[in-house]
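Engineer: Attaching a single structure in structure tokens format; questions to follow.
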């Protein structure tokens, strides 16, 4: 049995054209959605790119921390050097000028203006004699005070040298006492020694110089 399409051919062509336009429209919409999705995905960073960015930021932060640490070490070194210089300047500033004392010891070796030299000095050693602060009496109601450092009340001066005779050693000591600078000068030891073909007397002297007198003698030397 043969079927006969009673719809006019022109109408059928219009319907086929309408179906084709509808199919193309759906296809274009699907393509547009797919293209938009692909474009959005392309704009997102990949895992590798994100990891590279993270590593770069970490490396930069580590460099900043290292630079800051080096800066702190440099500042500490500068402060330590400044403290050392300050302590050295304080220590030097609080010491008397011992060159004045050495000049007095040397000048007193000669009897009179153009007299004989009674002594030839071999060595001079100056040591501080520190005095501990008084202890707080037991059971005392006196308020506690901060601990004080030992103060230098006196200096011990040890002089070693040679003289022609023992008598001239004592004459040298007498001149030192007459200066009025030292608290005392005593002969610690004398003994005969040979210096080539000559006989001499080796001597050791103990001289005491108070701290206040040391400051006075050095100030006197400065005024000169």
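The values are calculated or read from the model by the stated rules, or taken from the named source; none is laboratory data. This structure is a prediction, so every number in the text was calculated from the model and none was measured. Reconstructed Cβ throughout: ideal geometry from the backbone, glycine too, with neighbour counts over all protein chains shown.
Engineer: Can you find, within region 115-142, the residue that is surrounded by the fewest Cβ atoms within 10 Å (Cβ to Cβ) among those that are modelled with pLDDT of 70 or more and part of a loop (DSSP other than H, G, I, E, B)?
Structural biologist: Step by step, filter region 115-142, then rank; the result is 115.
Engineer: Please find, within region 176-198, the residue that is surrounded by the fewest Cβ atoms within 10 Å (Cβ to Cβ) out of those that are touching a strand residue (DSSP E or B) at 6+ places or on another chain (Cβ under 9 Å) and assigned to a helix (DSSP H, G or I).
Structural biologist: Among those residues, the one meeting the criterion is 177.
Engineer: Another question, then. Just to be sure before I move on: is residue 221 in a loop (DSSP other than H, G, I, E, B), closer than 16 Å to residue 108 by Cα and at pLDDT below 95 in the structure I sent?
Structural biologist: Here the answer is no, as residue 221 does not meet what is asked.
Engineer: Here's a follow-up. Is it the case, given these coordinates, that residue 187 is in contact with a helix residue (DSSP H, G or I) (Cβ under 8 Å, 6 or more places away or on another chain), more than 19 Å from residue 107 (Cβ to Cβ) and at pLDDT 90 or above? Quick ask: steps written out before the conclusion?
Structural biologist: On the way: in contact with a helix residue (DSSP H, G or I) (Cβ under 8 Å, 6 or more places away or on another chain): yes; more than 19 Å from residue 107 (Cβ to Cβ): yes; at pLDDT 90 or above: yes.
Judged against the criteria, residue 187 is a match.
One line per residue, one yes/no per condition, for (1) assigned to a helix (DSSP H, G or I); (2) surrounded by 10 or more Cβ atoms within 10 Å (Cβ to Cβ); (3) at pLDDT 65 or above:
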{"site": "1", "(1), (2), (3)": "no, no, no"}
{"site": "4", "(1), (2), (3)": "no, no, no"}
{"site": "22", "(1), (2), (3)": "yes, yes, yes"}
{"site": "35", "(1), (2), (3)": "yes, yes, yes"}
{"site": "41", "(1), (2), (3)": "yes, no, no"}
{"site": "62", "(1), (2), (3)": "yes, yes, yes"}
